[in-house]
Amino acid sequence: MSWRLECGLCARPVARGLATVCPDCGKPLLARYDLGTLDGEALRRAWSGRQGGMWRFREIMPVESRPLLARYDLGTLDGEALRRAWSGRQGGMWRFREIMPVESDEDPVTLGEGGTPLLEIDVGEEFEGLTLLVKDEGLNPTGSFKDRGLCAAVTRGVHEGATDFVIPSAGNAGAALAAYAAHAGVPCKLFIPEDTPEGVARRCEHYGANITRVDGLIDECGRLSAEYGAETGAFNISTLKEPYRIEGKKTMMLEIVEALGWRAPDAIVYPTGGGTGLIGSAKTLAELRELGLIDGDTRLYAVQGTGCAPIVRAHAAGETYAEPWQDASTEAWGLRVPGAIGDFLMLEAIRASGGGGIAVSDEAMRAAALDLGAAGVGACIEGGATLAAARELRRSGELRDGETVVLFNTAHLLTY
C-alpha cells in the first residue's frame, strides 16, 4: 500500500521521512492513501480476522505493508571469478560480501557466524536411494541461524547511524540481536511472549538486552516493537520490516551450493515461521543462476506445525496471501507465527520452484528431533519438523530416488 504526505490546508505534497509541518504555510500534514486501489470489503474481513491493536488497520496507516529486498548489479560481476575468490577466503558468511549489503571499505559486526557443517545422515531405510543432508545451524555463535540475519541487519544499521535497536522475538532472534548489538556497543530492546522458555529469556538477558514480556504471541510483540521504534527512533529489525536479515540468511544456501561442488540441491525442507530463510534461499538460487554459477531447479518445501500453518493452508488453497492463523499453538516457538508480512514471497517461492507446504504435529517433530539426535545432530524441535516433513514427502513420492535433499536444523537443542 503506497502513501504520501500533503498539507491539510494548501495540499502541497511533502517528502516522506522525518516530516513535521508544511514548509510553505506551517499547517499540519496529513497522510493520504490510494484508497481507489483497495477493496473495502476485503479490508473489513482482514481487519476482523487479525488480533487486536491499532496496527491491524495497517493498510490505511503510515507504514509500508510489504518488505524491501536488496538487489545487486549482478550483470557487472564475473561469476567464475567470484567463485574462485569465495573459495579462497577463510570460512564465515562475510566471504560472500560482493553480494551482501556491505561496502568494500566497511567492516561487518561479526562474531564468526556462518561456515556451519552440511552433514549427511542415516535415519532409516525409508530414505534409502536419497542423499539426505542437514545444514546444522546450531553451531553459530548464539546457537541458531538467527545470527546470520541479525549480524547483517546490525552491520547495516550501525553503518547507517542506528543508535538503538528493537525486535519482537520468540527467543533465538532476540538472543542474536542482543549479542550483536552488544558487540557493536549499541543498546537493544526486545519484546518477547510471556511464555517464552526461561532459558531463552536468560540468554537474551546475558547479553544485556532490555526485555519486556508480552501477554500475547509474536504478532502482538511485533505491534509493540513498531510502536517503540516509532516513538524512540530505534531501528526496528522485525522479520522483513527491513531488507538485511534476508541477506544474512541467504548465505546458508550459498554455503550449501558451494559444499555440493556448485550444484544446487534437488529439494530443501525448511521450517517456516516468518520465512526469512526460505525467501533468502529462493533469492540466492536466483542470483547464482543469474551469475551463471548453477543451473537446474531446487524445490522448496515450507514446513509448519499443524497448530499454526497459515502458509501451508494458503498454498493448498491457491491463495496469493495467507490469512492469519487464529489461536496459534505449537511447542515450536520459531514456527508460532500467525501471520507474516512476507507471506506472498514465501508462496511465490514455493510455487515457482515446484515445491509445496506441509504441516506436521508437535509429536512428530519431537520424535524426529530425537532421531536426528541419534544421528549425531543436536536438533531443536523446529529442526525435527523438517525430518518429520521429509518422511511425509518421501511417502508421497515428492522426494525421489537419486535426489539430494537438504533439511535445515535452525538451532541447537540447548537453545530451549
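The values are calculated or read from the model by the stated rules, or taken from the named source; none is laboratory data. These numbers were taken from a predicted model, which means no experiment stands behind them. Cβ coordinates were reconstructed from backbone atoms using ideal geometry, including for glycine residues, and neighbour counts include every protein chain displayed. Remember, those area values only see protein heavy atoms, side chains included, never the ligands or the DNA or RNA. Shrake-Rupley method; radii C 1.70, N 1.55, O 1.52, S 1.80 Å.
Considering only residues in segment 278-304 that are in a helix (DSSP H, G or I), of a type outside the set (A, V, I, L, M, F, W, C) and open to solvent by less than 20 Å² (accessible area, probe 1.4 Å), the one that is nearest to ALA267 (Cα to Cα) turns out to be SER281. I'd like to verify a number: residues in segment 183-208 that are of a type outside the set (Ser, Thr, Tyr) and more than 21 Å from the chain's Cα centre (by Cα), how many? Residues meeting the conditions: 13. Considering only residues in segment 342-379 that are part of a loop (DSSP other than H, G, I, E, B) and open to solvent by less than 30 Å² (accessible area, probe 1.4 Å), the one that is modelled with the lowest pLDDT turns out to be GLY342. Of all residues in segment 204-218, those that are among the hydroxyl-bearing types (Ser, Thr, Tyr) have Cβ atoms under 6 Å from Cβ atoms of residues that are in a helix (DSSP H, G or I), 6 or more apart or on another chain, in TYR207/ALA178; TYR207/ALA179; TYR207/ALA182. Restricting segment 65-97 to residues that are closer than 30 Å to ASP343 by Cα, assigned to a loop (DSSP other than H, G, I, E, B) and charged (D, E, K, R), the residue that is nearest to the chain's Cα centre (by Cα) is ARG66.
Could you please find all residues in segment 227-254 being of a type outside the set (Gly, Ala, Ser) and open to solvent by 10 Å² or more (accessible area, probe 1.4 Å)? Those that are of a type outside the set (Gly, Ala, Ser) and open to solvent by 10 Å² or more (accessible area, probe 1.4 Å): GLU227, TYR228, GLU231, THR232, PHE235, ASN236, THR239, LYS241, PRO243, TYR244. Output yes when any residue across segment 250-266 is under 26 Å from TRP325 (Cα atoms) and in a helix (DSSP H, G or I), and no when none is. Taking every residue of segment 250-266 in turn, none turns out to be under 26 Å from TRP325 (Cα atoms) and in a helix (DSSP H, G or I). The set of residues in segment 384-416 being assigned to a helix (DSSP H, G or I) and at pLDDT 95 or above consists of GLY384, ALA385, THR386, LEU387, ALA388, ALA389, ALA390, ARG391, GLU392, LEU393, ARG394, ARG395.
Across segment 305-330, what is the number of residues that are at negative phi and either out of contact with any Lys or Arg (no Cβ under 9 Å at 6 or more places or on another chain) or loosely packed, with under 14 Cβ neighbours inside 10 Å (or both)? Matching residues across segment 305-330 total 13.
Taken over segment 193-226, residues that are at pLDDT 90 or above, under 17 Å from SER144 (Cα atoms) and open to solvent by less than 30 Å² (accessible area, probe 1.4 Å) amount to 1. For segment 98-156, the set of residues classified as part of a helix (DSSP H, G or I), under 21 Å from ALA179 (Cα atoms) and open to solvent by less than 10 Å² (accessible area, probe 1.4 Å) consists of GLU137, GLY138, ASP147, ARG148, GLY149, LEU150, CYS151, ALA152, ALA153, VAL154, THR155, listed by residue number.
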